[in-house]
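> One structure coming up, written as structure tokens, with questions to follow.
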Amino acid sequence: MDAWNDEAMKQFQSLLETLDEQHKNTFQNMHQGYPRETLVRFLKARDGNVPKAHKMLIDCLQWRVENEIDNVLARPIPADSYRNVRDSQLIGMSGYTKEGLPVIAVGVGLSTYGKVSDKYYVQSHIQMNEYRDRVILPTATKNHGRYIGTCVKVLDMTGLRLSALNQMKLLTSISTIDDLNYPEKTDTYYIVNAPYVFSACWKVVKPLLQERTRKKVQVLQGCGREELLKVMDYASLPHFCKDSSKLTKHNATMNAENCYSLDHVFHKQLYNYMKQQAMIMESISQIKQDSFYVELPETDPDDARIVKTIEIEFRKVESKNGLNNSLNGVTVKDEENY
């Protein structure tokens, strides 16, 4: 059964007729004028099973109400902490595909975390999700004259090491928040600069993923520039996919081109937007916004199994490299040469 067929949609819509006012309001913030397309996402996430999709949506709406997600963009992280977040949680938006989908870049391998409390990393991630869904995607929809409800992500694996396991709990929690509350928001995941440790893990993890997720993942050669240029213009490539010889050496300009940097136009616009929303909220309520906190969700059993598999494979690779070091008495060669 197609997740979006008319009969399933009618059933789903009828189940939502009893929503109370609070849940209706947060649902409007979610769908931004496209309720049907939003329901389709939840149906896809539950393989067209209407009761399961309905429960998933109701749980999501309750999560939004309990954690005041509708107001999260009016609660900017303190400036010093936000800079630390941006320096260690490497994510940004570099442009759009030729079809108008936002291009989100993620520095998986070089993100270090640990500079601030985990709550700020979670808060920042949710704020970027909400800004994408309430500002970026509606603007793209308007500009292209057709509905645009997903993005593409370019995941840079440069620097991926065993130390990444130290942040696995936080990363799994963030992933679970996305799976449960922002399903089917990514059209394609492009993996670039993948070292040997990723390749080894991917062979084992790939069969554990759901088919619809596997189909979204494309592992590209090197920085993936040639393949990515088929779906986006050069200007929209993340900085780590561009020809480094063409990048200017002037620090201020380099920071502006680095889509992770606070000096990049995307992060400037995002943070300014949040400060403006905070001022509006305070003028309406005359109460300064308090801190934001989301209780981390329980890890899905399937996700826990994947995480455990990743950990085992990482340690196998590390052990193998350590053995090669001791036998050869030299530094293990660059992982990319394997």
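The values are calculated or read from the model by the stated rules, or taken from the named source; none is laboratory data. This structure is a prediction, so every number in the text was calculated from the model and none was measured. Note that we place each Cβ from the backbone using ideal geometry, even for glycine, and neighbour counts take in every protein chain shown. Areas reflect the complete protein model, heavy atoms only, side chains present, ligands, DNA and RNA absent. Shrake-Rupley method; radii C 1.70, N 1.55, O 1.52, S 1.80 Å.
> Specify the residue that is surrounded by the most Cβ atoms within 10 Å (Cβ to Cβ); the eligible residues are those in the range 69-101 that are over 15 Å from ILE136 (Cα atoms) and among the acidic types (Asp, Glu).
ASP70
> Filter the range 124-160 down to the residues that are under 23 Å from LEU228 (Cβ atoms), open to solvent by 30 Å² or more (accessible area, probe 1.4 Å) and assigned to a helix (DSSP H, G or I) and list them by number.
Of everything in the range 124-160, those that are under 23 Å from LEU228 (Cβ atoms), open to solvent by 30 Å² or more (accessible area, probe 1.4 Å) and assigned to a helix (DSSP H, G or I) turn out to be THR139, ASN143, HIS144.
> Now for a different question. Mind checking which pairs have a first residue in the range 231-249 that is more than 11 Å from GLY95 (Cα to Cα) and among the polar types (S, T, N, Q) and a second that is modelled with pLDDT under 95 and open to solvent by 30 Å² or more (accessible area, probe 1.4 Å), Cβ under 9 Å, 6 or more apart or different chains?
THR248/MET254; THR248/GLU257
> Moving on. If ASN25 satisfies every condition in (1) in contact (Cβ under 8 Å) with a residue 24 or more places away in the chain; (2) assigned to a loop (DSSP other than H, G, I, E, B); (3) over 18 Å from LEU180 (Cβ atoms) but one, which is the exception?
(2)
> Output the residues belonging to the range 45-62 that are over 26 Å from GLU295 (Cα atoms), in contact (Cβ under 8 Å) with a residue 12 or more places away in the chain and open to solvent by less than 80 Å² (accessible area, probe 1.4 Å).
Selection gives GLY48, VAL50.
> Any idea how many residues of the range 161-189 are surrounded by fewer than 15 Cβ atoms within 10 Å (Cβ to Cβ) and either among the hydroxyl-bearing types (Ser, Thr, Tyr) or touching a Leu at 6+ places or on another chain (Cβ under 6 Å) (or both)?
Final tally of qualifying residues: 1.
> Write out, first by first residue and then by second, each pair whose Cβ atoms fall under 9 Å of each other, whose residues are 6+ apart or on separate chains, and whose first residue, in the range 273-291, is at negative phi while the second is among the acidic types (Asp, Glu) and modelled with pLDDT under 90.
LYS288/GLU282; GLN289/GLU282
> For residues that are in contact with a helix residue (DSSP H, G or I) (Cβ under 9 Å, 6 or more places away or on another chain) and either basic (Lys, Arg) or open to solvent by 70 Å² or more (accessible area, probe 1.4 Å) (or both), tally how many sit in the range 207-218.
5
> What are the residues in the range 140-186 that are among the acidic types (Asp, Glu) and under 18 Å from ARG36 (Cα atoms), if any?
Hit for the range 140-186 is GLU184, nothing else.
> I'd like to check something: does the range 246-255 contain any residue that is small (Gly, Ala, Ser), modelled with pLDDT of 90 or more and either touching a Phe, Trp or Tyr at 6+ places or on another chain (Cβ under 6 Å) or over 20 Å from TYR96 (Cα atoms) (or both)?
Start the filter on the range 246-255 by keeping residues that are small (Gly, Ala, Ser), which leaves 252.
Those still in the list that are modelled with pLDDT of 90 or more too: none.
Within the range 246-255 (the criterion being small (Gly, Ala, Ser), modelled with pLDDT of 90 or more and either touching a Phe, Trp or Tyr at 6+ places or on another chain (Cβ under 6 Å) or over 20 Å from TYR96 (Cα atoms) (or both)), the answer is no, since none of the residues qualifies.
> Follow-up. Identify, by number, the condition in (1) part of a helix (DSSP H, G or I); (2) crowded, with 17+ Cβ neighbours inside 10 Å; (3) of a type outside the set (S, T, N, Q) that VAL116 doesn't meet.
The failed condition is (1).
> May I ask you to list pairs of residues, at least six apart or on different chains, whose Cβ atoms are under 7 Å apart, with the first in the range 299-328 being more than 12 Å from VAL205 (Cα to Cα) and of a type in the set (S, T, N, Q) and the second being at pLDDT 80 or above and surrounded by 14 or more Cβ atoms within 10 Å (Cβ to Cβ)?
Once the first residue is more than 12 Å from VAL205 (Cα to Cα) and of a type in the set (S, T, N, Q) and sits in the range 299-328, its partners that are at pLDDT 80 or above and surrounded by 14 or more Cβ atoms within 10 Å (Cβ to Cβ) give THR299/THR172; THR299/THR176.
> Condition test on LEU61, is it touching a Cys at 6+ places or on another chain (Cβ under 7 Å) and at negative phi? Before you say what the answer is, go through the steps one by one.
On the way: touching a Cys at 6+ places or on another chain (Cβ under 7 Å): no; at negative phi: yes.
Judged against the criteria, LEU61 is not a match.
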